[in-house]
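The values are calculated or read from the model by the stated rules, or taken from the named source; none is laboratory data. Since the model is a prediction, treat every value here as computed from it, not as a measurement. For neighbour counting, all protein chains shown are included, and Cβ atoms are generated from backbone atoms with ideal geometry for every residue, glycine included.
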């Protein structure tokens, strides 16, 4: 090998050796970082707290109970009086559960309130009735009141047809057909009149009669008018309550207005505490409160709430959808916790447990029953929390172990590469020593040649 070639080879080996040393330093730094990560994970394991299952004894206590003949009561808390009292030594909190008749309000989402025509007759006592015809030849009945008021009724076949008339006459015919044995009406017997508000009134010629009990005898006419009132909540038909109320309705509405005094029901109901008969203490005008059946249960709703829901349509093409929630009411027996706090005299037995109690508002001394009870709900809540914490703990351990395994694998890979670099370093050193010897021999040979 020539002098120049040997020098070039030596420089290349030197560069390669330097590179392997640098790569080895990088690997050592990477292994140090992995060691730090592994130490952090280990320290995290050391700081983790192993969850422990709850003990039933932590949720178990001695409970004192007694019965007054009507209710089974439990003594919940007792606090000894700080001042001496010859009659009472504790302040006791005790409770029992009872079914209490309670008025309640619920909200019906998207109630789909719609109206229906309600026909109601009014007896008029007109002084005069005049039969005539109009310019078109239609039969006319003119009814003039004592004050000069005048109504002109036109036979049905001569009325100008429109949608309002069609709806009104349909409601009227449906109403009358229920009172006629044949179920059919003679159209020539029906006369109609539209008042200034646009409301249609109907009379039947055959029902114009004379009242012989008056002096002089007066004519009587049944005037029928259709009023549009709330008719349906969804598919449930509304029925307006009329006086007199049944005993059940009276009791339920009384409880509702008592427990819910600030709802719109107050506009239709009131109390007369001076009425001798309890049935007369609830005052209802006979209008404005409706009932409907839903899922086999009777509920109440007031006209103001029904109209308020019905008038909140806000989507074109869907006139009964997206209505405001409808308040509706009922009264039922609800199991409630009745809690009281009293001064009491608690007496103990030889073991230090209470054996009897006497309250400041009761002359009876009650024997106490002692029992050990476990708060199952609280214990189950604690157990659920333990299961959650246990699963969370196990998952964290599994995550740490998985990460540690990855770190160890990466470290083994780096360690193997480091050993390869060590082997390469030894090989490079051996080759460099050989090249170095060749260069030395070439130098010595050259100088010997020139010295000769």
**OP:** Enumerate the strands (runs of 3 or more DSSP E) found wholly within the range 193-253, keeping only those where 1 or more residues are at pLDDT 90 or above.
**Re:** 200-204, 218-233
Original post:
When residues of the range 107-139 are filtered for being under 60 Å from the mean Cα position of the chain (by Cα) and either assigned to a strand (DSSP E or B) or without any contact (Cβ under 8 Å) to a residue 40 or more places away in the chain (or both), how many remain?
Top reply: 14
Original post:
Just for the range 260-292: of the residues that are surrounded by fewer than 16 Cβ atoms within 10 Å (Cβ to Cβ) and under 18 Å from residue 101 (Cβ atoms), which one is modelled with the highest pLDDT?
Top reply: 261
**OP:** Among what's in the range 119-136 and is over 21 Å from residue 172 (Cα atoms) and in contact with a helix residue (DSSP H, G or I) (Cβ under 8 Å, 6 or more places away or on another chain), pick the residue that is surrounded by the most Cβ atoms within 10 Å (Cβ to Cβ).
**Re:** 134
**OP:** Give the residue, chosen from 391, 415, that is free of Cβ contacts under 8 Å to residues at least 12 places away in the same chain and loosely packed, with under 13 Cβ neighbours inside 10 Å.
**Re:** 391
Original post:
Given (1) free of Cβ contacts under 8 Å to residues at least 60 places away in the same chain; (2) under 30 Å from residue 258 (Cα atoms), where does residue 103 come up short, assuming only one miss?
Top reply: (1)
Subject >> Filter result for residue 244 (loosely packed, with under 14 Cβ neighbours inside 10 Å, without any contact (Cβ under 8 Å) to a residue 40 or more places away in the chain and in the same structural domain as residue 202 (by TED's automatic domain parsing)) >> reply: no
Original post:
So residue 377 clears everything in (1) touching a strand residue (DSSP E or B) at 6+ places or on another chain (Cβ under 8 Å); (2) free of Cβ contacts under 8 Å to residues at least 40 places away in the same chain; (3) not in a loop (DSSP other than H, G, I, E, B) except one condition, right? Which one?
Top reply: (1)
Original post:
Tell me, which residue of the range 293-318 that is in a loop (DSSP other than H, G, I, E, B) and at pLDDT below 85 is nearest to residue 250 (Cα to Cα)?
Top reply: 311
**OP:** Could you grab me the full set of residues in the range 69-106 that are surrounded by 14 or more Cβ atoms within 10 Å (Cβ to Cβ) and outside any strand (DSSP E or B)?
**Re:** 88, 89
Subject >> Given (1) without any contact (Cβ under 8 Å) to a residue 24 or more places away in the chain; (2) surrounded by fewer than 12 Cβ atoms within 10 Å (Cβ to Cβ), index of the condition residue 367 fails >> reply: (1)
Original post:
Can residue 406 be described as closer than 30 Å to residue 56 by Cβ and modelled with pLDDT of 90 or more?
Top reply: no
**OP:** Any chance you could count how many residues in the range 16-73 are more than 30 Å from residue 396 (Cβ to Cβ), touching a residue at least 12 places away in the same chain (Cβ under 8 Å) and assigned by TED's automatic domain parsing to the domain that holds residue 424?
**Re:** 8
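For residue 443, are the conditions met, namely being surrounded by 15 or more Cβ atoms within 10 Å (Cβ to Cβ), on the phi < 0 side of the Ramachandran plot and either under 60 Å from the mean Cα position of the chain (by Cα) or touching a residue at least 60 places away in the same chain (Cβ under 8 Å) (or both)?
Details: surrounded by 15 or more Cβ atoms within 10 Å (Cβ to Cβ): no; on the phi < 0 side of the Ramachandran plot: yes; either under 60 Å from the mean Cα position of the chain (by Cα) or touching a residue at least 60 places away in the same chain (Cβ under 8 Å) (or both): yes.
For residue 443, the condition - surrounded by 15 or more Cβ atoms within 10 Å (Cβ to Cβ), on the phi < 0 side of the Ramachandran plot and either under 60 Å from the mean Cα position of the chain (by Cα) or touching a residue at least 60 places away in the same chain (Cβ under 8 Å) (or both) - is not met.
For every residue, the table says whether it meets (1) within 30 Å of residue 306 (Cβ to Cβ); (2) touching a helix residue (DSSP H, G or I) at 6+ places or on another chain (Cβ under 8 Å); (3) modelled with pLDDT of 90 or more.
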{"position": "37", "(1), (2), (3)": "no, yes, yes"}
{"position": "56", "(1), (2), (3)": "no, yes, no"}
{"position": "59", "(1), (2), (3)": "no, yes, no"}
{"position": "64", "(1), (2), (3)": "no, no, yes"}
{"position": "100", "(1), (2), (3)": "yes, no, yes"}
